[in-house]
Amino acid sequence: MFYVVNFEIKNPEREATFLNHLETSFQDENRCMPNSFFIVSDLDKKALYNQLRKGLENEDLLLVAEVKLPSIMGWLPASSVDWLAKKY
């Protein structure tokens, strides 16, 4: 499944830990914006959310959305466009 994950972590230490988790826990991910990642995962939406939510506090913000690639439209960095083109 293909997801977009958006976040705002209020504490810099938690943010560093969260980013490390995102960048090392998934085989297929791309940081498309400073606070957004594309993730491809076999986890369902609830399991992915629960995995990412670990270590965050109530003040932090997290959005996990499953998307269909044909429905995506936007202006992204070349690295993200290339990543999308190679994967899909």
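The figures follow:
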read-out: Distance between modelled label sites at GLN27 and VAL40, nm, 7 Å Cα→Cβ extension; value: 1.0
read-out: Simple spin-label estimate for LEU19 and LEU61 in nanometres, 7 Å along Cα-Cβ; value: 1.8
read-out: TYR88, TYR49, TYR3, ranked by accessible area, largest first (probe 1.4 Å); value: TYR88, TYR49, TYR3
read-out: Alpha carbon Rg of the chain, scaled by the compact-globule rule 2.2 N^0.38 Å; value: 1.06
read-out: Qualifying GluC sites (Glu not before Pro) in the stretch 32-73, DSSP loop, other Cβ atoms within 10 Å at most 16; value: GLU57, GLU59
read-out: Loop sites in the stretch 18-59: trypsin sites (Lys or Arg not before Pro), DSSP, at most 10 other Cβ within 10 Å; value: LYS54
read-out: Length gained when the stretch ARG53-LYS68 is fully extended (0.36 nm per residue, less Cα-Cα span); value: 3.1 nm
read-out: Heavy-atom surface of the chain, accessible at 1.4 Å and reported per residue (Å²); value: 66
read-out: Note, ³J(HN,Hα) from phi for the stretch 40-57, Karplus 6.51, -1.76, 1.60, rounded to Hz, x at Gly and Pro; value: 10, 8, 7, 5, 6, 4, 5, 5, 5, 4, 4, 5, 6, 6, 4, x, 8, 9
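The values are calculated or read from the model by the stated rules, or taken from the named source; none is laboratory data. Keep in mind that this is a model prediction, so the values were computed, not measured. Note: ideal-geometry Cβ built from the backbone for every residue, glycine included; neighbour counts use all protein chains shown. Ligands, DNA and RNA are stripped out before the accessible areas are found, and what is left, the full protein with its side chains, is counted by its heavy atoms. Shrake-Rupley method; radii C 1.70, N 1.55, O 1.52, S 1.80 Å.
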